Each structure stands twice: as C-alpha cells, then as structure tokens.
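The values are calculated or read from the model by the stated rules, or taken from the named source; none is laboratory data. Only a predicted model underlies this, so the values are computations on that prediction, with no experimental measurement involved. Here the Cβ positions follow ideal geometry from the backbone for every residue, glycine too, while neighbour counts run over all protein chains shown.
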Amino acid sequence: MLLRASIFLLLLPSLVSSIFIKEPYGASDSESRERSYSAGRRYKAYGGGGRPPTCEEGWTFFQRPSGGWCMKVYPGNLNQYNSETMCVSKGAVLSGLQNIAEINWLISSALTAIAPQTSGGVWVGARRRPECIGHGITATCTKTNTFYWTDNSTTGIEGMIFQEGEPNNRPAPQNCALMTVATTPRIHALSYYYSGQMDDMICERADASWWPSSTLSRSNRAYVCGKKARR
C-alpha cells in the first residue's frame, strides 16, 4: 500500500495538470496577479509598504482584493461543522475561493492530501443564504447568489462555481458546499461531477456510512482552512 501511494504521489503533478480549470477570458489585471506562493518566498505582486504579508510554514499565500490570505487543505472524513471547528483550532476558518487560481490550487493540494484516493469532496466556507433555505434554484435564488462566502475574506463570484443543475437543495436541507476534486476532468457518481465545481450538501454528512456506495467517489475527504496573512 505504501509503495502504491508513493507511486501515485509521483504521478500526481502530471495528472492534475490536465484537469486544471482555465482562467476566464478577459480576466482583469488584478485577477491575473492573484497567485500563490509558499511561506518564506517573496510575493512579487505585493505593492504595499513595509514588510510583505507571510504565511506559516505549510500554508499557501494568496493576494486577494481584501488582503493577504493563507490557505491549507487537511484530510479527514468530517462533517462541515467539525471541519469548521478544526479550522478554528488552527486560528482559521473554512475558506472560500476567490478565483480560478485558488480553485486550481485546491484541486492539486486536496488530491495530495487524500492520496491514494483519486477523487473526493472538500468542504469549503460557503453557506446557503437564509432567504434561500428550503429552495432550489429560483428567479431570486440563482446559481451564483444562493450561497455566500463565510470567511469574511472572499469577495465576488468568480470562485462560486456549482455543478450543472446545482445548488438544487435535494435531498433537503443542503445548506453547505462541497467541492469535487479528481485526477480526471469529471467522475461518475450516479451522475457526472466535474473537478473544481461545488455541490450543495447536507452539513452533517461525515464518513462513508453517510454515502451510498455508488457516490463514494465524491464523498467528503478533506476541508480547506484559511486565515489572514501576518506581517
């Protein structure tokens, strides 16, 4: 098993490079500069005075419109509430996703964290708006505004990418969000699910016992934490 896992990790970079989401055409200059760096490296896009913001070792830095942000993926078959609690214990919260660059980073980082599994779901910091609880997609609760980011850092809707027909709130209540990650562009779990896209999910969903065998390939296997960069 250890040998198989080691081989998988060696092949992982080439596998995920083919399933990254492309940047949207016409992305603004500020969006194109939002890239990550590992703790300890200089971030060239930083334009402020004084000492540039940094992250603790093992966390990845992103420059957002709201300021520097540090993210890290942790493996674990936890429900959304317990995932949030684990993030808080690390001085963080469940993180939202600002843009495509962050989504692509999440795909790569999560697949490394859950190896040798080749797919799974990652809890992210998004919740269904109170006025949309109990509803699927409607004229007022749309694909991009039914959920909101909970981390008090993520802005906009570039990272708010749901699977086709989602968030549908079935079976209700599905008030949390789980992002699919996979070494292929999509996986089949009753229907097709695309890597890098979210699905609304029952917040209490935890280990494999909550998932029918035909859907295990997208079951929750990790969570992503985020916190403000320090100076």
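Residues of the stretch 115-133 that are out of contact with any strand residue (DSSP E or B) (no Cβ under 9 Å at 6 or more places or on another chain) and either of a type outside the set (A, V, I, L, M, F, W, C) or not in a loop (DSSP other than H, G, I, E, B) (or both): Pro116, Pro130, Glu131.
Picking from residues in the stretch 94-107 that are among the aliphatic types (A, V, I, L, M) and more than 16 Å from Gly58 (Cα to Cα), the one that is surrounded by the fewest Cβ atoms within 10 Å (Cβ to Cβ) is Ile100. Restricting attention to the stretch 90-114, the residues that are touching a helix residue (DSSP H, G or I) at 6+ places or on another chain (Cβ under 9 Å), in a helix (DSSP H, G or I) and not polar (S, T, N, Q) total 4. Applying the criterion of being out of contact with any helix residue (DSSP H, G or I) (no Cβ under 7 Å at 6 or more places or on another chain), β-branched (Val, Ile, Thr) and surrounded by 14 or more Cβ atoms within 10 Å (Cβ to Cβ) to the residues of the stretch 144-154, the residue that is nearest to Ser66 (Cα to Cα) is Thr154. On the basis of being part of a loop (DSSP other than H, G, I, E, B), more than 14 Å from the chain's Cα centre (by Cα) and either closer than 21 Å to Pro75 by Cα or hydroxyl-bearing (Ser, Thr, Tyr) (or both), does Arg205 make the cut? It is true that Arg205 is part of a loop (DSSP other than H, G, I, E, B), more than 14 Å from the chain's Cα centre (by Cα) and either closer than 21 Å to Pro75 by Cα or hydroxyl-bearing (Ser, Thr, Tyr) (or both). Can Ala172 be described as farther than 30 Å from Ala229 by Cα, modelled with pLDDT under 95, hydrophobic (A, V, I, L, M, F, W, C) and touching a Gly at 6+ places or on another chain (Cβ under 8 Å)? Considered against the rule, which asks whether it is farther than 30 Å from Ala229 by Cα, modelled with pLDDT under 95, hydrophobic (A, V, I, L, M, F, W, C) and touching a Gly at 6+ places or on another chain (Cβ under 8 Å), Ala172 comes out as yes.
Checking the conditions here, which among Cys203, Cys132, Cys141, Cys176 is hydrophobic (A, V, I, L, M, F, W, C), within 20 Å of Met71 (Cβ to Cβ) and either touching a Lys or Arg at 6+ places or on another chain (Cβ under 9 Å) or free of Cβ contacts under 8 Å to residues at least 60 places away in the same chain (or both)? The unique qualifying residue is Cys176. If only residues of the stretch 70-84 that are in a strand (DSSP E or B) and in contact with an Asp or Glu (Cβ under 8 Å, 6 or more places away or on another chain) are counted, the one that is farthest from Ile114 (Cα to Cα) is Cys70. The residue pairs whose first member lies in the stretch 218-231 and is in a helix (DSSP H, G or I), whose second member is of a type in the set (A, V, I, L, M), and whose beta carbons are closer than 7 Å, counting only pairs six or more residues apart or on different chains, are Arg218/Ile187; Arg218/Ala189. Of everything listed in (1) over 17 Å from Asp199 (Cβ atoms); (2) touching a strand residue (DSSP E or B) at 6+ places or on another chain (Cβ under 7 Å); (3) in contact (Cβ under 8 Å) with a residue 24 or more places away in the chain; (4) not charged (D, E, K, R), the single unmet condition for Ile100 is (2).
With respect to (1) touching a strand residue (DSSP E or B) at 6+ places or on another chain (Cβ under 8 Å); (2) in contact (Cβ under 8 Å) with a residue 40 or more places away in the chain; (3) among the acidic types (Asp, Glu), the lone exception for Glu158 is condition (1).
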